[in-house]
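A.B. asks: Can you keep this structure in mind? I'll have questions shortly.
The values are calculated or read from the model by the stated rules, or taken from the named source; none is laboratory data. Note that the structure is a prediction, hence the values are computed from the model and not measured. Here the Cβ is made from the backbone with ideal geometry for all residues, glycine too, and neighbour counts use every protein chain on show.
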Amino acid sequence: MKADFKPEKVVIKNTKDQTRDSRTFTLAFADGKKPNTYSFMPGQFNMLSLFGFGEAAISISSDPKIKDTLDHTVRKVGNLTEGLFRLKKGDCIGLRGPFGKPWPVDEAKGKNVLIVSGGIGLAPLRPVIMHIANNRANYANFEILYGARNPGELLFTDEFDQWKKIKNTNLQLTVDAVPPGEKWNHTVGVVTVLFDKMQSTPKDTIVMTCGPEIMMHFAVQGLTKKGFSEDQIYVSLERRMKCGMAQCGACQIGPNFVCKDGPVFKSPITKALYA
Ligand SMILES: Cc1cc2nc3c(=O)[nH]c(=O)nc-3n(C[C@H](O)[C@H](O)[C@H](O)COP(=O)(O)OP(=O)(O)OC[C@H]3O[C@@H](n4cnc5c(N)ncnc54)[C@H](O)[C@@H]3O)c2cc1C
Ligand code: FES
C-alpha cells in the first residue's frame with residue numbers, strides 16, 4: 001500500500017492491557033481488501049488518528065507474517081493516546097502507513113542478533129522477535145536484554161516463555177527496582193548491567209536497541225567499550241511527527257528526517273543528540 005495523507009479506516013478488534021498505562025490495540029482494515037496490498041517490515045510505524053484528538057506515530061508491534069490484523073502497543077501520555085484508551089472493541093480510528101526504515105533484518109541474515117531494550121521500546125522490536133522465530137534458520141544466536149523500571153512495567157510478559165523456546169535464544173531481564181514484597185528472580189539494575197552477563201560478542205553480531213534516548217546512549221557507550229563497533233549497532237529514534245513523509249520538517253535531526261531516513265538509524269546518529 002502506498003502511504004499518503006489519507007487515513008484508512010481501521011476497526012479495533014481487540015485490546016490487551018500490558019501495564020498500568022500501556023495497551024496493545026489489535027486493528028483490522030474496515031475495507032476487507034486492504035490486507036492484500038498492505039505489508040510492513042519490523043520497525044516501521046503507522047500514523048494513528050482519532051477525529052477531534054489528532055494523530056500520532058505508533059510502531060507496529062505485531063508479527064509481519066500476520067496479514068489480517070495489526071498490533072500497536074501504546075502508552076497513554078497525551079491527547080491522542082488518552083482518546084484511544086477511551087475506545088472499545090468495534091470502534092474505528094484512522095491509520096496511515098507504513099512509514100520509515102525498518103530494523104536491518106535482511107543485513108542480519110546469517111549473523112547473531114542482540115536486542116537491547118527498555119520499557120515501551122520493546123514494542124517495535126517484538127516484530128523482529130517474531131520474524132526471527134518464523135525464519136530461525138536465517139539467523140545465528142539470538143539474545144534479548146530487556147529492562148524496565150519495575151516488574152509491572154515489563155511488556156509482553158506472557159510471551160517470555162515462548163521466546164525462550166526459540167532455538168539458541170537467551171532472554172535476560174532486569175528492573176531498576178523491585179517494590180517491597182514483590183517476587184523477582186532476575187537481575188536488578190539498569191539494562192546495561194546485563195552487558196556483563198550477556199553471551200553475545202562483537203563477532204558477526206547486529207545489535208538493535210530501542211528505549212528512552214538516554215538508555216540507548218548508555219547502551220551504545222557500554223557496547224563500544226565491549227568491542228562492538230558503532231556501525232553494528234542500530235537505534236530507533238522518536239521525534240514529534242506530523243506528515244510522516246519528509247514533507248513538513250517536524251521530525252528533522254540535522255539533515256535527517258526521522259520519519260523517512262529513520263526511525264531506525266546506525267548508532268553514530270546518537271552523537272548528534274548528545275554533542
Ligand atoms: C517512529 C515513532 C514510533 C513510535 N512508536 C510508539 C509506540 O509504539 N508506542 C507509543 O506509545 N508511542 C510511540 N511513539 C511515541 C508517540 O508518537 C508519542 O508519544 C505521541 O506524542 C503520542 O501522542 P499524544 O497525542 O497521545 O501525546 P501528546 O499530546 O503528543 O503528548 C505526548 C508527550 O509529549 C509532551 N508534549 C506535548 N506537546 C509537546 C511539544 N510541542 N514538544 C515537546 N513535548 C510535547 C506531552 O507533555 C506528553 O508528555 C512513537 C513515536 C515515533 C516517532
Ligand atoms: S514528520 Fe513531517 S518531515 Fe517527518
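A.B. asks: Do we find that PRO180 is more than 16 Å from ligand 1 (Cβ to nearest atom), out of contact with any Phe, Trp or Tyr (no Cβ under 7 Å at 6 or more places or on another chain), outside any loop (DSSP other than H, G, I, E, B) and not small (Gly, Ala, Ser) in this structure? Let's see the steps before the verdict.
C.D. replies: Details: more than 16 Å from ligand 1 (Cβ to nearest atom): yes; out of contact with any Phe, Trp or Tyr (no Cβ under 7 Å at 6 or more places or on another chain): yes; outside any loop (DSSP other than H, G, I, E, B): no; not small (Gly, Ala, Ser): yes.
No: the conditions fail for PRO180.
A.B. asks: Could you please give the count of residues in the stretch 119-138 that are surrounded by fewer than 21 Cβ atoms within 10 Å (Cβ to Cβ) and of a type in the set (Gly, Ala, Ser)?
C.D. replies: Qualifying residue count, the stretch 119-138: 2.
A.B. asks: Something else: Is there any pair linking a residue in the stretch 240-252 that is not assigned by TED's automatic domain parsing to the domain that holds MET47 to one that is more than 6 Å from ligand 2 (Cβ to nearest atom) and outside any loop (DSSP other than H, G, I, E, B), with Cβ under 6 Å and at least six apart or on different chains, and which?
C.D. replies: Here the result reads MET241/ALA57; GLY244/MET47; GLY244/PHE99, each pair linking the stretch 240-252 to a residue that is more than 6 Å from ligand 2 (Cβ to nearest atom) and outside any loop (DSSP other than H, G, I, E, B).
A.B. asks: So, in the stretch 80-94, how many residues would count as being within 16 Å of ligand 1 (Cβ to nearest atom) and either of a type outside the set (Val, Ile, Thr) or more than 19 Å from the chain's Cα centre (by Cα) (or both)? Steps first, answer last, please.
C.D. replies: Going through the stretch 80-94, the residues within 16 Å of ligand 1 (Cβ to nearest atom) turn out to be 80-87, 93-94.
Among the residues that remain, those that are also either of a type outside the set (Val, Ile, Thr) or more than 19 Å from the chain's Cα centre (by Cα) (or both) are: 80, 82-87, 93-94.
Qualifying residue count, the stretch 80-94: 9.
A.B. asks: For THR270, indicate whether it is of a type in the set (Ser, Thr, Tyr), touching a His at 6+ places or on another chain (Cβ under 9 Å) and within 16 Å of ligand 1 (Cβ to nearest atom).
C.D. replies: Details: of a type in the set (Ser, Thr, Tyr): yes; touching a His at 6+ places or on another chain (Cβ under 9 Å): yes; within 16 Å of ligand 1 (Cβ to nearest atom): yes.
When the stated conditions are applied, THR270 passes them.
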